Structure formats: C-alpha cells, structure tokens
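Here the structure comes first, spelled out in structure tokens, and everything after it is commentary.
The values are calculated or read from the model by the stated rules, or taken from the named source; none is laboratory data. Just so we're clear, the structure is a prediction, and the values are computed from it rather than from any experiment. Please note: Cβ atoms are built from the backbone with ideal geometry, for glycine as well, and neighbour counts cover all protein chains shown.
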Amino acid sequence: MNDRKNHIKAIIRDNVPWIMLLAFSSLFAILFPQFLTFRNITNILRNASMIGIIAVGMTFAMIAGTFDLSVGSMMGLAAIITLKMSPTDLPRTILTVLVALAAGALVGLANGLIVGRYRTSSIITTIGMEYVVLGITLVYTRGQHITIKGMYKPLEFIGKGRVGTFPFPIIIFLAVAVIGQLLLSFTRFGRQLYATGGNPNTSELSGINIGKVRVLAYIISGVTASIGGIMIAARTQNLDPSFGFGQETDVLTCVLLGGVSLYGGKGSVIGTFAGTLLLYVVSNAMTLSGTAYEMQLICKGLIFLVTVAASVLWQKKG
C-alpha cells in the first residue's frame, strides 16, 4: 500500500508542470471564452516557441549545475547578425545562419571554458558575458535600428511560415525539444550531465571530465539562443540593437517552472516544455483580460520570485 502511495506521489511530483498547465488552462478557458479558440492557442504556441527553444538550451546548463544568463544578449546578437548580413539569396542565407550559429557556439565555448575549467561563478561570469555580447552588438550596429527588406523567403518561412494552419516555429520548437530530451535520456553525455550537476566531486572522482561536460552544455545553450534569435529576426525583420537584453529572466522562469533544479542534477526538457507553455498561457490570459503592460511585468516578476522560492523549498525537502 505504501509503495503504491509513494508511486503515485512520484508520478505527481514528476508531472507538476503539466498538472499546473492543465489547471491554469482550464481556469482561463472558463474565464475567457476566446482562450480555447484555435487562433489563440496557435498564438500562444508560436509566441512561446522562440523563448522555449532557448529554454531547452538553458536546461542543459542548469542540469549541469550552472547558469547561463547571457542567452538574452546572445539571442539579440544572433538576430542582429541575421538582419545585418542581408540574407536575400541562398548563398548569403547559408552564410548568415552559419555565422549566427557560430557566434552562439563561441560565446557558449567562452562561458564553458571560464566556468567549466576555471570553476568561476556561473552567475557572475555569464552576467559579465551578457554585457560583453550586448556591447559587441551595439558596436556592430553603431547603435542603429536594423531593418531588412526582401529577406530570402525560405528563411522568412522559419519565423512566419505555416504548415497548413500550423505555425512553423512551433514545429521547430517541438523538434528541438524532442532532440534535447533524447540527448538527456539516451546518451552518455546526458547521464554525465546529470551526474555533474548532482554531485560534481563524486563525478570527477569517477572519471567524468566535468569541465568538458559543462563546456558542451554551454555550447548547446549558446547555439539554441542563436536559433531563437534567427527565428525572431525572420519573424520581425526589424529590431533594436538592444533587443534580447533581459530576456534571460523569461527563459530562466520557463526552466524553473518546468521543474529544473536551481542546484543542478535534476530536470528534463519535457518539464521545460511544459514550463514554457505555462508562462505563456498566463501571459496570454493577462492580455485577454486587458491587464496593463506594467502590471504584466509585475506579475511576471512575482511568478519568477515564487518559482525560485518554490525550487529552493523543494530542494530542501529532497
């Protein structure tokens, strides 16, 4: 009997993000008749896709026991690179995408080397990197607003396209989430990632190169930030050079709502996926209710603080 109760508790604990998503969605469906319309649901999913992809990458960094608070600026740099390089034909588009992805990988590599190999504070290091990347973006653009006309249509499709009535960014988000979860669940790297975040000292003694594991986690985080930036650039085609700065708070909220531990070693991409949807369902409900933008910021800040507190308490309870 006790085993059955413990099993039920474990199932509930592992699916808290999905239970919360279902509960809030049911509440908002009752309060707002337009909430469950196909148009509104696809809007929620599309809006969640870009930040959700970046959250998948941050999930890897946090499971490894580190933070990546440079993803907001990195997303912005990748988006600006995409616009500034004027991808109006196939060769230029391929070069643009490769440069944007390489920039994310290099920033991730730099973060990983500093944090993973030299054991510095990941929070301090990546906050510093966030300002470095923002500065690079401002120098690159000379502080000017960037707009592009005549973007190569297949690239534009990544941000704006639809497969039937289904927005294409949602498909990319699903694909990245599936690949991310497969890496965590079925690869040696995934097992080493959990071990590194759960108990780095024991992992190192058992032969795991925790520095290398964290470098790879940061590279994944940087690349997913670039993917999100490319998609946003393809969608808007019109951005301010400071775009992305501060967005890491939303990304971190998604990851924590998804059940990833602040201390590393626990979490999943599936949970992060649910956490992302939960944040954007709440944001959508505030928009439907006519909540002022200022109040929405206050609510999102409170959600972040409550999520952090809940994560700490959950960890203390084991």
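Annotations
- Selected residue (criterion: nearest to the chain's Cα centre (by Cα)) from residues of the range 80-106 that are at pLDDT 95 or above and small (Gly, Ala, Ser): Gly104
- Residue check for Leu297: under 22 Å from Ser73 (Cα atoms) and free of Cβ contacts under 8 Å to residues at least 40 places away in the same chain: yes
- Single residue of the range 235-258 satisfying the filter (among the small types (Gly, Ala, Ser) and buried (at least 24 other Cβ atoms within 10 Å of the Cβ)) that is nearest to Val308 (Cα to Cα): Gly258
- Selection status of Val176, surrounded by 14 or more Cβ atoms within 10 Å (Cβ to Cβ), in contact with a Leu (Cβ under 9 Å, 6 or more places away or on another chain) and on the phi < 0 side of the Ramachandran plot: no
- Looking across Ser26, Ser49, one residue alone is among the small types (Gly, Ala, Ser), loosely packed, with under 13 Cβ neighbours inside 10 Å and in a helix (DSSP H, G or I). It is Ser26.
- Test result for Arg39, basic (Lys, Arg) and modelled with pLDDT under 90: no
- Count of residues meeting criterion [of a type outside the set (Lys, Arg), outside any loop (DSSP other than H, G, I, E, B) and surrounded by fewer than 18 Cβ atoms within 10 Å (Cβ to Cβ)] in the range 136-157: 7
- Considering the conditions (1) in a helix (DSSP H, G or I); (2) under 16 Å from Ser73 (Cα atoms), Phe243 is excluded by exactly one of them, (1).
- Against the test of being in contact (Cβ under 8 Å) with a residue 40 or more places away in the chain, on the phi > 0 side of the Ramachandran plot and among the hydroxyl-bearing types (Ser, Thr, Tyr), the options Ser122, Ser86 yield a single qualifying residue, Ser86.
- Residue in the range 170-181 that is of a type in the set (Phe, Trp, Tyr), in a helix (DSSP H, G or I) and in contact (Cβ under 8 Å) with a residue 60 or more places away in the chain present: yes
- The set of residues from the range 158-169 being within 17 Å of Ile230 (Cβ to Cβ) and either of a type in the set (S, T, N, Q) or assigned to a helix (DSSP H, G or I) (or both) comprises Ile158, Gly159, Lys160, Phe168, Pro169.
- Residue check, Leu83 of a type outside the set (D, E, K, R), over 22 Å from Asp250 (Cα atoms) and part of a helix (DSSP H, G or I): yes
- With respect to the stated conditions, Leu205 fails to be in contact with a helix residue (DSSP H, G or I) (Cβ under 8 Å, 6 or more places away or on another chain) and of a type outside the set (Ser, Thr, Tyr).
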